Amino acid sequence: MEYGNTHVIARSFLDGQPSGSVFCRPDTRGVSLKGAVGPVQVLVRDNNVDQALKALKKKMQREGIFREMKLRRHFEKPSERRAREAAEAVRRARKMERKRLEREGF
């Protein structure tokens, strides 16, 4: 089964073992994802694949796999990457400062 740009393999087990699991392998054409430890795994209970896919999507969102796949759709020059990362750092710093001021009541 293909889910977006991600191949999802659902396997079911019989004989009292767990119902199965869903594995996710991002389609990155042989390039490993930054910070990826291994495949994302979600258990399928009672053959409820929809619930397992929902949990899989949530895990992938949390780990940033969708964002990484979006960034890898086209080549990004190193200078563009540095500029993007610098802008992200500025946004994060401003957001943290806003939250700190909000907590302190200013």
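The values are calculated or read from the model by the stated rules, or taken from the named source; none is laboratory data. The structure displayed is predicted, hence computed values, not measured ones. Cβ placement follows ideal geometry from the backbone for every residue including glycine, while neighbour counts extend to all protein chains displayed.
Check whether at least one residue in the range 59-68 is under 19 Å from the mean Cα position of the chain (by Cα), surrounded by fewer than 13 Cβ atoms within 10 Å (Cβ to Cβ), among the small types (G, A, S) and modelled with pLDDT of 50 or more, and report yes or no. Checked the range 59-68: no residue is under 19 Å from the mean Cα position of the chain (by Cα), surrounded by fewer than 13 Cβ atoms within 10 Å (Cβ to Cβ), among the small types (G, A, S) and modelled with pLDDT of 50 or more. Taking the range 57-106 as the range and being assigned to a helix (DSSP H, G or I), farther than 25 Å from G38 by Cα and of a type in the set (A, V, I, L, M, F, W, C) as the test, the residues that pass are A83, A86, A87, A89, V90, A93, M96, L101.
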